[in-house]
Amino acid sequence: MSVLPFPSFLDDVKEKGLKRAVFEGINEVTERLTSGMNVQDIREALRGEPASRKPNPRLQPHADGFWLHMRPSYFHQSVTGLYPTFRLGWLSTYFVFFETITGILLMIWYTPSPDVAYQNMLNILSAVPLGQFVRDLHRLGAEAMVLIVFLHMLRTFFTGSYKRPREFTWFSGVILLICTAFLSFSGYLLPWDQLSLWAVTIGASMVEAAPPAVVGTNLNLLLRGGPDIGANGLLRFYLLHVLAVPAILYIFLGVHYYKVIVNAHSLPPREENIGEDTAKRVPLDKRVYFTPDILTSEIMWLSITTLILVILVTWFYHAPLETHANPQVTPLGTTAPWYFEWIQGALKLGDKVLWGIVFPTIVLVFLMVLPYIDVSKTRRWAHRRVAFTVCLVLLSLLVIFSYMGTARFGVHNSADTTIIHQMVMTPQDKDIGKLLPIPYDELVPGMYTTVQFDNPADQADTVLASFNKTLDNGNYGIEGGQTIQTYMQNTQLIPFASMNFTPVPSDATELVDAVQWLDQQIQANNQELLNGWGVVIITEPQHNLKRADVIITWDEVQLNAGHVVLDANGKATPVLDANGNRIRRINSDHVYIDANSQYFSAPGA
Amino acid sequence: MTLQRLLINRIEQRILISTIAFLGILVVIGWLAINEGGRMAAFDSEFTARAIEDGATLFNTNCSPCHGVDGLGSARAPALNSPLLFGFDYLADIHKQQSALKTELGLPATTDARKTEINAQLADLQTQETQAEQQLQPAIAKGYDPDQFNRLANVGWGSTLYNYIYSTVTSGRPVSSSYWPQPMPNWSQIAGGPLRVDQVQDIVQFVLNWDKGSNWTVDDLLAVQQFPKVPVDPATVAQLQQQIQQLQQSGGQLPQYVGETTSIDDIMKGLQGVTGDAQRGQLLYTGQTTPVLPCSGCHTTGTGPAMQGTWTRVVNERLKDPKFAGWTGEEYIADSIIHPSDYVVPGFTDGIMPPNFGSQLTYQDLADLIAYLKTQDQPSS
Amino acid sequence: MATSITAGETKAAVPARGKAAAEVQVSAPSRREFLYYIWGASIALLLGEAGAGFVWFALPRFKEGTFGGIFTYPPDKIPGVEKDPVSVPDGRFWVSNPSDGFIILYAVCPHLGCLPKWSESNHRFECPCHGSKYQLDGKYIEGPAPRSMDRFATTLTFDDGTTLAMNAAGDPMDISKRGNITKISIDTGKRIQRPGRV
């Protein structure tokens, strides 16, 4: 007779006593939740004892449960070590979820609109607790993911694991690599700062080159939602970043992993005969069961990776945020993300269609069909000399092209522009102008010139006196009939009555260093900047706000493709005007520095 | 393979390492959490600072031609670097005592004896106020009123100073040409202008950075070149016109303005017999005497042809143009001042130079300006 | 050999089993089979239409006066001959007046889409991204760019009622021997690419 009108737990209590009934209840619930393992089975697994009942309850969740049916119940012992997998495949998978979670967190505070996106970033960084932390994790995780997926591919190549029957696993892996790179790239745009806008503009402009022209133009319009990246473009990149590409990635992750399970992890090449694939036939004594061996191992790698990321973003890495995106001004030295530098480098070789579209497509198609081209059965290193040679050549090309892709390689800007930019640029790509990190108090208002460093230090006063005399209170003539003073007043809009250069205060050591550096750069380019000298003028337009002007003036010389034309004596040839006089050129730029700006040199810069 | 043995082979080691890693993450996040408040505050001040820097650049290119590079104003626009904008009261102490005494004076409990005392004190305060205002006299002469010391209160603005500047920059402000030569343009893209919203915000941050709080000095006030102008009530204008008429009827003399539509031949006739004073011309040109002229606002900043070398260019370049065959340099300059749109020097924009100097200048003023410009005969491009 | 045959092995094993196994029965499709093909084709057609519809849906369109439409430029603001060019950010073009004629240049670098800046001191356009340089008339000087700067189709109207349109090659238009210009109309939807670095 039941206690209640229907059979219930209370009947068990009545029959077995409370304690035993509760234990048995827990046991049953546990077995249902794990699809086959009760408390006793779990504890045996945790203790490392063999299962005490048959059939082996540790295999049951793999057969009946949803989550573990996706994982094999045992691995071959030979693939559980550091070699041959290096856990790169698992880490790639982990990063997919890591990026999804941190990404969803960031979505809470983000709106994809040019009007507010940058404000959202400032808000995340200034008013969201752990906002910077989550953003840095997401950004660093994305870059780490690109690297790890790439290393995963390299490893697969070196162990020959792409060979039959795993050709399609490799193929789907290449699709995942492309998805990863594009996810990382599309995320670049979202902060809507100068770096994002222009790095993505450069990257996306490759689409425009797709032949024929009508396809390229329209594809470009489709991607950007307009002739350049604006509100529509930002929204489209956002949708690609959070919806379309992740969807494709997840689908192919499923395909990829299904193939891995079906074919099992390939064994180290030396453990098999040539042409054999014994991965599926694991002898009983070589089986390593998922619970608990593989599970603990995976969690260990996950925890170590997360710890490394957390430490990096806490002390060593912060995702960059430059000034608000400005579609009207391209910053000097803009470049694509590092994992696209190889395409950038290739583009410097010439034609945009050939090197921007055809070449990367050939590389990717080659990667995809590699297992169908390289059909030799052997996976031994000694037998794959050609494949290894091709791989190493490609790797070297990757490195060389990436180096060529860096902003400075093969780009020759005029020396004056480059030097001035390096003096006054706001933080950009781990680089910062020499004047910006100088302590605010050391930026003593005044006029300083590089001339003082061209002579021994004890003569500085005399040199400056004669220099001031040469300048004749600013009436020193420069281009276009201007004097240096009218140039400063009319073009640069800083008013002062007379020019009087003084030595840089010696206690302002960093300012001394900066002016000295300017001098060295001008001297190093003394062919192009003939008779050149530089000037740093510091004014204080507001309380707590200083303005630093950097001016370089020189005699124009003949240039050919940006390089100085030298005469027989190895001297530069000045350009002469109609009257046979040298032409004096001037170039300048300025930066405002607030007392609270806290500019500092990036670590390692 | 030591690493392999250490990390892979024994479950106990894996568990231990993983536990240490998780605890490590815990500690690092804890450390972050402790510092998070400070970090957010530091970021805030850092980015306000960057906004001020960006605002400074924008102000320099967009605003300084009218408001002055130092924000002290010009004949084209009022000062922003001014205690008036930030509502600093130079007579705060006196104003406070006055209002306290006046309140007491109005109270029914105040005895007659006390009233006399208060009135004496008020008279004393009045003297003090007059003395203090004496100090501010140059500013008062330029239109500053020490009792109307807060611009926001003067225009009846109910919101914050930030919003006052922000909305003015965003939408601009229409004006009558009777008090400013041109209106404040609409700067923000949301009002059809060229700047993005964040750029407008940066400019506001920069302007607000001029605030000296309680540290404004009298010198700061005296440095202001141009105070805001208030539109004039048509009734006042009518009254003034009536006074002029009365003056004319009673035989008084009025200044003889050149007139905006006077032909150049008539102007040259009017100039005959008037001797130009180059020194006064310079004062006029630089806006240092009445009528206050905005010449230097453009001709020393590149908005208009440079002041330096004006005469050289007139003689060497302009008069060589067949369009001006038979003209004298004086004629050319007079025509350029009174009828600025007749001829615009290539590379410059028509419509910037105000067309109403004809109704501001007497023949004496014009002659002085020409005399001054004739001294600008430095070599030029 | 394994007893279970995976997909890969089946395919590879075909030649090994001799020609007989590879022979395929060819016969006319049955009615039902044919209907399946028709059905499949209709689905493919529908998907094709959906694809084309999506492109049509997502492709941006341009209104008059916005970029991609027609712009007018005030004739009195043409810069002097060989003087610094004037930028019109809304229309993304430079108005340039080199000695060989008047020309409207597309402001975007034909290399990778950055905006070249006019360098007053060097009297040329310099692209800040990869250092391409162009003359005042947009002609390529140096750098990685594949061609000279693009131009926009421009039509000039003169006070005598005549008009002058930019030729198909996008050469500068000689305006020195014509009357006063009354109207400059720039079609930013019609970009003229130079055939190379000319």
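Among the residues of segment C:177-186, which ones are surrounded by fewer than 18 Cβ atoms within 10 Å (Cβ to Cβ) and either within 28 Å of the chain's Cα centre (by Cα) or in contact (Cβ under 8 Å) with a residue 12 or more places away in the chain (or both)?
Hits for segment C:177-186 are C:R178, C:G179, C:N180, C:T182, C:K183, C:S185.
Looking at A:V557, A:V550, A:V565, which one is closer than 30 Å to B:N81 by Cα and hydrophobic (A, V, I, L, M, F, W, C)?
A:V550
Kindly evaluate C:P98 against the criterion of being within 30 Å of C:I175 (Cβ to Cβ), part of a loop (DSSP other than H, G, I, E, B), in contact with a strand residue (DSSP E or B) (Cβ under 6 Å, 6 or more places away or on another chain) and at pLDDT 85 or above.
no
Residues of segment A:214-233 being buried (at least 23 other Cβ atoms within 10 Å of the Cβ) and either in contact (Cβ under 8 Å) with a residue 60 or more places away in the chain or in a loop (DSSP other than H, G, I, E, B) (or both), which ones?
Result: A:I229, single match.
Would a scan of segment A:439-462 turn up a residue that is closer than 19 Å to A:G333 by Cα and either among the charged types (D, E, K, R) or surrounded by fewer than 19 Cβ atoms within 10 Å (Cβ to Cβ) (or both)?
Checking segment A:439-462: not a single residue is closer than 19 Å to A:G333 by Cα and either among the charged types (D, E, K, R) or surrounded by fewer than 19 Cβ atoms within 10 Å (Cβ to Cβ) (or both).
Which of (1) part of a helix (DSSP H, G or I); (2) within 19 Å of A:Y257 (Cα to Cα) does A:F185 not meet, given it meets every other one?
Single failed check for A:F185: (2).
Take B:N35 and tell me if it is more than 7 Å from chain A (Cβ to nearest Cβ) and crowded, with 18+ Cβ neighbours inside 10 Å. I'd like the intermediate steps shown before the answer.
Values: more than 7 Å from chain A (Cβ to nearest Cβ): yes; crowded, with 18+ Cβ neighbours inside 10 Å: no.
No, not satisfied.
What residue, among those in segment B:121-178 that are of a type in the set (A, V, I, L, M, F, W, C), surrounded by fewer than 14 Cβ atoms within 10 Å (Cβ to Cβ) and modelled with pLDDT of 85 or more, is farthest from B:G73 (Cα to Cα)?
Looking only at segment B:121-178, we keep the residues that are of a type in the set (A, V, I, L, M, F, W, C), and these are B:122-123, B:125, B:132, B:136, B:139-141, B:149, B:152-153, B:155, B:157, B:161, B:165, B:169, B:175.
Remaining after also requiring surrounded by fewer than 14 Cβ atoms within 10 Å (Cβ to Cβ): B:123, B:141, B:153, B:155.
If we keep only those that are modelled with pLDDT of 85 or more as well, we get B:123, B:153, B:155.
Numbers: B:A123: 36, B:A153: 20, B:V155: 18 Å.
Here the answer is B:A123.
For residues that are in a strand (DSSP E or B) and surrounded by fewer than 22 Cβ atoms within 10 Å (Cβ to Cβ), scanning just segment C:140-155, find the one that is farthest from the other protein chains (Cβ to nearest Cβ).
Filtering segment C:140-155 down to residues in a strand (DSSP E or B) leaves C:140-142, C:151-155.
Still in the list and also surrounded by fewer than 22 Cβ atoms within 10 Å (Cβ to Cβ): C:140-142, C:153, C:155.
Numbers: C:Y140: 11, C:I141: 7, C:E142: 4, C:A153: 16, C:T155: 21 Å.
Result: C:T155.
Is one or more of the residues making up segment A:592-604 hydrophobic (A, V, I, L, M, F, W, C), surrounded by 15 or more Cβ atoms within 10 Å (Cβ to Cβ) and touching a Phe, Trp or Tyr at 6+ places or on another chain (Cβ under 6 Å)?
yes
Let's see how each residue does on (1) more than 10 Å from chain A (Cβ to nearest Cβ); (2) surrounded by 14 or more Cβ atoms within 10 Å (Cβ to Cβ); (3) in contact with a strand residue (DSSP E or B) (Cβ under 8 Å, 6 or more places away or on another chain); (4) part of a helix (DSSP H, G or I):
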position	(1), (2), (3), (4)
B:A21	no, yes, no, yes
B:V27	no, no, no, yes
B:R39	no, yes, no, yes
B:F43	no, yes, no, yes
B:F47	no, yes, no, yes
B:A79	yes, yes, no, no
B:F88	yes, yes, no, no
B:Q98	yes, yes, no, yes
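Which of (1) out of contact with any Leu (no Cβ under 6 Å at 6 or more places or on another chain); (2) aliphatic (A, V, I, L, M); (3) farther than 15 Å from A:L88 by Cα does A:L176 not meet, given it meets every other one?
The single condition A:L176 does not satisfy is (3).
Please tell me if B:D335 is surrounded by fewer than 19 Cβ atoms within 10 Å (Cβ to Cβ), modelled with pLDDT of 85 or more and under 20 Å from C:D76 (Cβ atoms). Walk me through how you get there before you give the answer.
Details: surrounded by fewer than 19 Cβ atoms within 10 Å (Cβ to Cβ): yes; modelled with pLDDT of 85 or more: yes; under 20 Å from C:D76 (Cβ atoms): yes.
Considered against the rule, which asks whether it is surrounded by fewer than 19 Cβ atoms within 10 Å (Cβ to Cβ), modelled with pLDDT of 85 or more and under 20 Å from C:D76 (Cβ atoms), B:D335 comes out as yes.
Which of the residues belonging to segment B:270-326 are on the phi > 0 side of the Ramachandran plot and touching a strand residue (DSSP E or B) at 6+ places or on another chain (Cβ under 8 Å)?
B:G287, the sole residue that qualifies.
Please pick out the residue among C:T163, C:T188 that is β-branched (V, I, T) and farther than 30 Å from A:G226 by Cβ.
So the residue among C:T163, C:T188 that is β-branched (V, I, T) and farther than 30 Å from A:G226 by Cβ is C:T163.
Here's the yes/no breakdown for (1) out of contact with any helix residue (DSSP H, G or I) (no Cβ under 7 Å at 6 or more places or on another chain); (2) at pLDDT 90 or above; (3) not in a loop (DSSP other than H, G, I, E, B):
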residue: A:V260; (1), (2), (3): no, yes, yes
residue: A:D277; (1), (2), (3): yes, no, no
residue: A:D293; (1), (2), (3): no, no, yes
residue: A:T305; (1), (2), (3): no, yes, yes
residue: A:V313; (1), (2), (3): no, yes, yes
residue: A:H318; (1), (2), (3): no, no, no
residue: A:G345; (1), (2), (3): no, no, yes
residue: A:L354; (1), (2), (3): yes, no, yes
residue: A:F366; (1), (2), (3): yes, yes, yes
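When residues of segment A:482-522 are filtered for being part of a helix (DSSP H, G or I) and away from chain B (no Cβ under 14 Å), how many remain?
Going residue by residue through segment A:482-522, those that are part of a helix (DSSP H, G or I) are A:484-491, A:509-522.
Then drop every residue that is not away from chain B (no Cβ under 14 Å), which leaves A:509-522.
Here the count works out to 14.
I need the full set of residues from segment B:209-229 which are within 19 Å of B:A77 (Cβ to Cβ), within 12 Å of chain A (Cβ to nearest Cβ) and not charged (D, E, K, R), in order please.
Of everything in segment B:209-229, those that are within 19 Å of B:A77 (Cβ to Cβ), within 12 Å of chain A (Cβ to nearest Cβ) and not charged (D, E, K, R) turn out to be B:N209, B:W210.
Of the residues A:R547, A:R585, which is modelled with pLDDT under 85 and part of a strand (DSSP E or B)? I'd like the intermediate steps shown before the answer.
On the way: A:R547 fails: modelled with pLDDT under 85.
Going through A:R547, A:R585 in turn, the sole match is A:R585.
In this structure, is B:Q189 touching a Lys or Arg at 6+ places or on another chain (Cβ under 7 Å) and surrounded by 12 or more Cβ atoms within 10 Å (Cβ to Cβ)?
Yes: the conditions hold for B:Q189.
Is it the case that A:P211 is modelled with pLDDT under 95, more than 29 Å from C:H130 (Cβ to Cβ) and not in a helix (DSSP H, G or I)?
No.
Could you please tell me which pairs satisfy a Cβ distance under 8 Å, a separation of 6+ or placement on different chains, a first residue in segment A:299-325 that is acidic (D, E), and a second residue that is not in a helix (DSSP H, G or I)?
A:E322/A:D193; A:E322/A:P331; A:E322/A:T426; A:E322/A:P427; A:E322/A:Q428
Just wondering, is there one or more residues in segment B:155-178 that are of a type in the set (A, V, I, L, M), within 26 Å of A:P114 (Cβ to Cβ) and either in contact with a Lys or Arg (Cβ under 6 Å, 6 or more places away or on another chain) or part of a loop (DSSP other than H, G, I, E, B) (or both)?
Checking segment B:155-178: not a single residue is of a type in the set (A, V, I, L, M), within 26 Å of A:P114 (Cβ to Cβ) and either in contact with a Lys or Arg (Cβ under 6 Å, 6 or more places away or on another chain) or part of a loop (DSSP other than H, G, I, E, B) (or both).
Considering each of C:G65, C:G113 in turn, give the residue that is modelled with pLDDT under 85, more than 18 Å from the chain's Cα centre (by Cα) and not in a strand (DSSP E or B).
So the residue among C:G65, C:G113 that is modelled with pLDDT under 85, more than 18 Å from the chain's Cα centre (by Cα) and not in a strand (DSSP E or B) is C:G65.
Would you check which residues across segment A:88-139 are over 23 Å from A:L234 (Cα atoms) and either more than 12 Å from chain B (Cβ to nearest Cβ) or surrounded by 21 or more Cβ atoms within 10 Å (Cβ to Cβ) (or both) and list them?
A:L88, A:G89, A:W90, A:L91, A:S92, A:T93, A:Y94, A:F95, A:F97, A:F98, A:F133
Restrict the check to segment A:330-338 and report whether at least one residue is more than 8 Å from chain C (Cβ to nearest Cβ) and either among the basic types (K, R) or assigned to a helix (DSSP H, G or I) (or both).
Yes, segment A:330-338 has at least one match.
Filter segment B:253-268 for residues that are surrounded by 10 or more Cβ atoms within 10 Å (Cβ to Cβ) and either at pLDDT below 75 or not β-branched (V, I, T) (or both); which is nearest to B:L361 (Cα to Cα)?
The qualifying residue nearest to B:L361 (Cα to Cα) is B:Y257.
The values are calculated or read from the model by the stated rules, or taken from the named source; none is laboratory data. Everything numeric in this text was worked out from a predicted model, so none of it was measured. Please note: Cβ atoms are built from the backbone with ideal geometry, for glycine as well, and neighbour counts cover all protein chains shown.
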